[in-house]
1. How many residues, within segment 195-215, are touching an Asp or Glu at 6+ places or on another chain (Cβ under 7 Å) and either aliphatic (A, V, I, L, M) or assigned to a loop (DSSP other than H, G, I, E, B) (or both)?
2. Which residue, of Arg138, Arg157, Arg180, is in contact with an Asp or Glu (Cβ under 6 Å, 6 or more places away or on another chain) and more than 13 Å from Val105 (Cα to Cα)?
3. Any residue in segment 58-72 that is more than 11 Å from Leu28 (Cα to Cα) sitting within a Cβ distance under 9 Å of a residue that is among the charged types (D, E, K, R)? List the pairs, counting only those 6 or more apart or interchain.
4. Quick check on this structure: which one of Glu111, Glu88 is closer than 20 Å to Leu15 by Cα and touching a Gly at 6+ places or on another chain (Cβ under 7 Å)?
5. Could you say whether any residue in segment 16-33 is closer than 18 Å to Val123 by Cβ and of a type outside the set (Gly, Ala, Ser)?
Amino acid sequence: MIRAVVIDVDDTLCLTEAVCFELENEVLARIGREPMSRAVHVATWGLPLLEAMPRRSPGLDVAAFATVHRVVLREYVAAGRLDVVAQENLEALDELAAAGRSVMVLTSRTEAEMEHLLAPDHVLAGRLAAAYHAGNMRFSKPDARAFDGLLADTGLRPSECLYVGDSPGDAHAANGAGLRFIACMQSGLRKRADFDAHRVDAFIATFPETVDAVARLEAADPELPELGL
């Protein structure tokens, strides 16, 4: 049985790349830096933010960026511009839980970037069995050891867990940890060929398709071909 469905946040549970591009350029503007291009943002999307930013803005004072980013992040969240979890995605989480699966998130975001999503009054409250992020993990994706804490905490075997993400780095981490992997293509930023070097157990067009994909994978013979869109 697939007992745990572990979910990435950015461009999986909620669509965020485009708004994060705007947010980060706003931060750069406030600290007197030139804006980055969309191309460089997409090329480094999926990396931890403070690891990606020196590539997006060479010579950046990362500490200054981080300070202002916290302010702008709160502004975007308060304005309803960032981390909007669609109702159909919430319903999918509820269906996964109703099927007896633990629902968790695992992301490379920092604790500060996750704070609002884990607030007791957030729509995710009560829907997540656990949340793993840079604040409580020793390793971050694409390192397969990102799943070490989750597996140790839950006592689950990797074969009982499945990860849903949007990037080849997500696939690399899940493959290395022995978890099954579903690629969510909803952002439109990735192509199936981007995952050619990795095992993908199912491709889905939108996040709510996770429910059926997980049930089909659980029922399928492991030797059968992968599920498609």
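Read the figures in this text as sums done on the coordinates, not as results from a lab. Keep in mind it's a predicted model, so treat the numbers as computed, not measured. All Cβ positions, even for glycine, are placed from backbone atoms using ideal geometry, and neighbour counts span all protein chains on display.
1. Residues that pass the stated criteria total 4.
2. The match here is Arg180.
3. Gly59/Arg33; Arg70/Glu113; Val71/Arg30
4. Only one candidate qualifies: Glu111.
5. Checking segment 16-33: at least one residue is closer than 18 Å to Val123 by Cβ and of a type outside the set (Gly, Ala, Ser).
Per-residue answers, yes or no, for (1) free of Cβ contacts under 8 Å to residues at least 60 places away in the same chain; (2) within 26 Å of Val40 (Cβ to Cβ); (3) aromatic (Phe, Trp, Tyr):
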residue: Arg109; (1), (2), (3): no, yes, no
residue: Leu118; (1), (2), (3): yes, no, no
residue: Asp121; (1), (2), (3): yes, no, no
residue: Glu160; (1), (2), (3): no, no, no
residue: Cys184; (1), (2), (3): no, yes, no
residue: Leu189; (1), (2), (3): no, yes, no
